[in-house]
Structure formats: C-alpha cells, structure tokens
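S.K.: Here it is, the structure in full.
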Amino acid sequence: MRRWILLAFLILVGAWSGWTLLQRHKAEAWSASIPRASGAWSEAFAHASGAFARQDYAGTEKILVAILPETEDRYPHDRRLADVFGMLGTSYRADGNYEQAEPVLKRAIQVYESVSQTPSVELGRVELNLAQVYRDKHRLPEAEEHLSRALANFDKDPRATGYDRGGALLNLGFVCSEQGRYTEAEPWLVRAVAAYEGFAPASMHPDLASAYFQLAELYRLEGKFSAAEAQYLKALAIQEKVSGSESKTTIDSLEGLAMAYQGQGKTSKAKQLLARVSQFSQKTSALSGGPNGGTLSDLGTVAEGQGKYTQAESLYKQAIAAYENSSGPYPADIAVALGDLGRLYRDQKQFNLAQAGPLFLRALAIREKSLGPDNADTGVTLSDLSLFYFYEHKFAEAEQLGERALSIHEKAFGPEGLQVATDLNRVGLAQRDEGKFKGAENALKRALAIRENQLSPQHSWIAVSLENLASVYLLQGNRDKAAPLLARVQTIRAHSSTD
C-alpha cells in the first residue's frame, strides 16, 4: 500500500483555509476586511473570492488576472496586491498548475513582507501553499523551510485557526517522514491531530481523517501496531461517513488497519479486511486495466503469516507484475513487493536462497534512486541484504551493510527503535561469525535491551535475541553466562506453545 496517499486531500482544500473551510458562505467579507478600494475593484475581488470558495479555479484565475494590472498600478505597496497574488497563486496550485503558482506565491510573500503590520495569518497561508508546491515537486527541504515559516506566522496571529495550524503541522510530519526522519515526524503529526481536533469545524473534515491516517501509518512503520490500529479506526469513522464505504481513502485505511492487525498476530481480522479491500480492488482494476499491486502484496503478507508460502509467492509475483504493467509511476512502491518476495525466498527453506539476492539488489537500486541513500526504507533493504549475505556466509559484507542500515535507522527511529534492534542483531551475528566477540556481545546486548523495553516479556523476538547472545558466550566457552539466557528462552517458548 502506498504510504501517505491521503495527504492528497490538502491539494484540494489547500492552505487558504480562510476561504475554503471557514468562509465559503461569506466571500464578500474578505473584500470588506481590506482598506477601501474602488467599487469596481472590490466587486471583482469579491466575485473572485466567491469563485474560489466554489473551487471554480478557472473562474478565479480569469477574474484575478484581469484586475492584476490595475492592482499593480494603483496599489503597488498595498495589502490588496498581496491578496490578489496570494489568491491567484493558491488557485494555480489547487488547479495543479505549479509552474505558474510558484512565482506568483513568491511575489505574494514579497509584498506581504513589505507591508507594514503584515497580516501574519494571510502570509502563513501563502507560505503553506508555496510549501505544498515544493512538496508535490519533491523539493522537500524547500517545502520544510516554508512550512516552518507558515507555522511561525500562525503561532503569532490569534486569527489563525486550528485548521491553519493543522495543515502546517500535517505537512511538516509528511515531509519529515518522506525523508525518513520518523522521530521528528511523530510529534508534528500528534500536534496536527490535536490542532484539528481542537477546531470544531474540522471535527468531521477529511483532513482530520488524513492526520489520523498519517499518524497510523507512522506508528505501523515504527512497529507500534496497537497505536496504529487506534488511529486507523478514527480515520475510518470519518471517511466512511464523509467519503463512503468504498472510497479510495476508506479502502486505504482498511488496508492499513489490516496490516496493523497482522502485526499484532490478529491474522483472521487482517484476512477479513483484506478480502474487502480485494473486492474493491477488483472493481477498480476493471476500470483501470489492472490489479492493485499494494493490495496483492499485503494479501501475500497475510498468506505468509498463515504459513501458506506458495500462495504468498504467487501473490508477491502478481504484485510485482501489477506494478510493472501499470501506466503510472511505481518505483518506490514496487520495491516493497520486491522486498516481500526476497524475504520469502531468504527465510523459507522450501525456496532457493539465491533467488533473494537479485530481488534485494533491484529494490535497493530503486530506493536509492527514488528515495535517497539515507532514507529509512533504503535502510530496510540494506538490512535485508545484510541478513541475506550472512546466510551466504559473506560475513564482512553482512556486517558492512548492517552497519549502514543501523546508522540510517538510528536517525530515523531513534536509538530505541525496534528496527534498530533488528539491525543490531544482524550486525552482531556477522561479527560473531567473524570472531569479533566483544563487538558482537555489545550489539546483541543492546538489541536485547531494546526489545525488552518495547515488547512483552514473552515475545518471540526476545527469545531470538536471548539465543543470539547466548551463542556468543557458548562460542567462547562461557556456559555460565549462556545458561540463564537459554533458560529464559525455554520459558518463553513453553509459554508460546500453550497460547
């Protein structure tokens, strides 16, 4: 499933929320709030505001382009000129005309900043719109800079609403996540949810659902499946009521919820939801000309969790083919399916281990090119390759790739992230088999501590960490240290067998 897909809502409603959410019914109020102008000019601007509120962007642009020369001539250093540029640039952006939107929004910012007693909320909305242009053009550092400016303006002006702040915060969370900076993204998204929840007109708005969804996706990526489940359910409560039970946004949340259930071992619930997603996917496939690769990949994950490895292999292959046959862009998405199939071949003995290598290498090339070498998803593929090389007894290569993944994920998830523990385990195992026992012990102790802090005492991953650490002691002949660890493993395994 594509992450962050619901952020597209903001492309439509935009950051000029003073019109689109709050003032749809009072377009004339905008004209009345600015210094007195000629009657004809004020009337034209009011008509443009009304057209914008109706999302008639072509009509908005026609009116504003017509009055722009007069505005530049009569009000060259006046808020009215900034307002025209601001609304025109926002309309271009909402209409998907980014090449025209960028220079116009920049001009609006220049005029607002030159006017004494700058209206911060209006300036913030223009900054947010320009940031969204950069966001959608994947110029993320520039987007982040303008989002920070937008938020600062909203925080200064008491006229800014929770919807204004929510838009800036939600986009900041998205931009950080896209760059793999998950520890920075989480507080932005939590604040976005709080901003929307605290603003009554947004209580059932699609953007609040989007904020819930983005936070859920982040929690799922961090392995916080229970927290993810709660946020998906909140998103669905809005989406099913506002957009309908078969809307794309509802289906995306159902798919995410299914994977959160799968992560908690609730396989039957996951399968039930994915069956519903699959039915929708089949309907849309007939219209779009092909099946949905993300859904097929998720169905493969559920089948794999049930031990149906041949079925999982087929679904993963279908997912890859769906992406390859798709008319749209797919690189970052296909890497997910490639990784899924690679892990299946690597981890299940019925398959040929050698088949996994080319899949991981292809996924790595795609992610390094489309996401960047330091993105958290790129780090996942590096970690997958590390374990693959370990199984092939290429311990030096395994250690090197594991260290790269570890460095990326410590920045993305923080030093206590579960993915960090996975990387540490892989580095530790490689070092163990290279005879680097001290380094292996340190890495595996740290991995165990993270898992003990993050997971329940009887979790199977804790047993794996205990076994790995015990193996280092046994290879050095230190049975006294290994024995209590192995005893804990037996206790965990006995508990699991009675569940």
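The values are calculated or read from the model by the stated rules, or taken from the named source; none is laboratory data. The structure displayed is predicted, hence computed values, not measured ones. We place every Cβ from the backbone using ideal geometry, glycine too, and count neighbours over all the protein chains shown. With ligands, DNA and RNA removed, areas are computed over all heavy atoms of the protein, side chains included. Shrake-Rupley method; radii C 1.70, N 1.55, O 1.52, S 1.80 Å.
S.K.: Of 362, 346, 191, which has the most accessible area with a 1.4 Å probe, and how do the rest follow in descending order?
M.R.: Details: 362 90, 346 15, 191 110 Å².
So the residues, ranked largest to smallest area, are 191, 362, 346.
S.K.: If you find the alpha carbon centre of segment 208-242 and of segment 449-494, how far apart are they in angstrom?
M.R.: If we compute the Cα centre of each part, the gap is 34 Å.
S.K.: Using a ≥ b ≥ c from the Cα gyration tensor of segment 433-499 (square roots of the eigenvalues), is it rounded, prolate or oblate, where a/c under 1.5 gives rounded and otherwise the larger of a/b and b/c decides, a/b for prolate?
M.R.: Numbers: a/c = 2.75, a/b = 1.56, b/c = 1.77.
It comes out oblate by the Cα gyration axes.
S.K.: Another one. Using only Cα atoms, locate the centre of segment 78-152 and the centre of segment 173-187, then give the distance between them in Å, rounded to an integer.
M.R.: Each part reduced to its Cα centre gives a spacing of 22 Å.
S.K.: Express the relative contact order of the chain as a whole percentage, based on alpha carbon pairs under 8 Å and six or more residues apart in sequence. Please report the intermediate quantities before stating the final value.
M.R.: Working: 755 pairs, mean separation 39.1, N = 499.
It comes to 8 percent, rounded to a whole number.
S.K.: Going from the alpha-carbon gyration tensor of segment 65-116, what semi-axes, largest first and in whole Å, does one get by taking the root of 5 times each eigenvalue?
M.R.: On the way: eigenvalues 71, 30, 10 Å².
Equivalent-ellipsoid dimensions as semi-axes: 19, 12, 7 Å.
S.K.: Match the structure shown to one of the listed values [x] 0.98; [y] 1.08; [z] 1.06 of Rg/Rh (Cα atoms, Kirkwood Rh), computed from it, and give that label.
M.R.: [z]
S.K.: Using a 1.4 angstrom probe on heavy atoms only, work out the carbon and sulfur share of the accessible area of the chain in %. Intermediate values should be presented prior to the final figure.
M.R.: Numbers: 11040 of 21060 Å².
The C+S portion of the solvent-accessible surface of the chain is 52 percent.
S.K.: For residue 203 and residue 452 in one chain, what is 0.36 nm times their gap in residues minus the Cα-Cα distance, to one decimal in nm? Mind dumping the intermediate values first?
M.R.: Numbers: separation 249, 0.36 × 249 = 89.64 nm, distance 3.82 nm.
Length difference between fully extended and current span is 85.8 nm.
S.K.: Rank these residues by their accessible area, most exposed first, probe 1.4 Å: 252, 433, 78. Kindly include the intermediate steps, with their values, before the conclusion.
M.R.: Numbers: 252 5, 433 60, 78 35 Å².
I get 433, 78, 252, largest accessible area first.
S.K.: Might you work out the accessible area of residue 407 for me, using a 1.4 Å probe with all protein chains in place, and round it to the nearest 10 Å²?
M.R.: 50
S.K.: Which order do 393, 138, 459 take when ranked by solvent-accessible area (1.4 Å probe, heavy atoms of all protein chains), largest first? It would help to have the intermediate numbers written out before the result.
M.R.: Numbers: 393 135, 138 95, 459 55 Å².
Largest accessible area first, the list is 393, 138, 459.
S.K.: Right, something else. When all protein chains stay in place, what accessible area (Å², nearest 10, 1.4 Å probe) is found for residue 248?
M.R.: Looks like 100 Å² after rounding.
S.K.: Moving on. Excluding ligands, DNA and RNA, what is the solvent-accessible area per residue of the chain at a probe of 1.4 Å, expressed in Å²? Walk me through the numbers on the way to the answer.
M.R.: Working: 21060 Å² over 499 residues.
Per-residue accessible area for the chain comes out at 42 Å².
S.K.: Still on this structure, please answer the following. Please list, in order along segment 317-323, the HN-Hα scalar couplings obtained from phi with the Karplus expression 6.51 cos²θ - 1.76 cosθ + 1.60 (θ = phi - 60°), rounded to whole Hz, x for Gly and Pro.
M.R.: Running phi through 6.51 cos²θ - 1.76 cosθ + 1.60 with θ = phi - 60° gives 5, 5, 4, 4, 5, 4, 5 Hz.
S.K.: I would also like to ask the following. Computed FRET efficiency, Cβ-Cβ of residue 155 and residue 394, R0 41 Å: what is it to the nearest 0.05?
M.R.: Values: r = 52 Å, r/R0 = 1.28.
Plugging the Cβ-Cβ distance into 1/(1 + (r/R0)^6) gives 0.20.
S.K.: Sticking with this one: Give me the number: length gained by fully extending residue 106 to residue 351, i.e. 0.36 nm times residue separation minus the C-alpha to C-alpha distance, one decimal in nm. Kindly include the intermediate steps, with their values, before the conclusion.
M.R.: Working: separation 245, 0.36 × 245 = 88.20 nm, distance 5.64 nm.
This chain segment gains 82.6 nm when fully extended.
S.K.: Ok, one more. Which lysines, if any, have their Cα less than 25 Å from the Cα of residue 234, not counting same-chain residues under 8 positions apart?
M.R.: 224, 248, 266, 269, 271
S.K.: Which longest uninterrupted range of the chain lacks any chymotrypsin sites (Phe, Trp or Tyr not before Pro) assigned by DSSP to a loop state (not H, G, I, E or B) and surrounded by at most 16 other Cβ atoms within 10 Å? Intermediate values should be presented prior to the final figure.
M.R.: On the way: sites that count: 4, 351.
So the longest stretch without any such site is 5-350.
S.K.: With every protein chain left in place and a probe of 1.4 Å, what is the accessible surface of residue 183, to the nearest 10 Å²?
M.R.: About 60 Å², ignoring ligands and nucleic acids.
S.K.: Hey, what did segment 64-136 get for relative contact order, percent, Cα under 8 Å, at least 6 apart? Could you put the intermediate results ahead of the total?
M.R.: Numbers: 73 pairs, mean separation 21.6, N = 73.
Contact order relative to length: 30 percent.
S.K.: List every residue whose amide H lies under 5 Å from the amide H of residue 180, counting only residues 5 or more places away in sequence or on a different chain, with H placed 1.01 Å from N in the peptide plane.
M.R.: 376
S.K.: Take each of the peptides 300-308, 420-428, 441-449, average the number of other beta-carbon atoms within 10 Å over its residues, and list them starting from the highest.
M.R.: On the way: 300-308: 18.7, 420-428: 27.8, 441-449: 20.8.
Put in order of decreasing packing, that is 420-428, 441-449, 300-308.
S.K.: Once the convex hull of the alpha carbons of segment 343-482 is built, what does its volume come to per residue, in cubic angstrom?
M.R.: On the way: hull volume 15.4 nm³, N = 140.
Once divided by residue count, the hull of segment 343-482 is 110 Å³.
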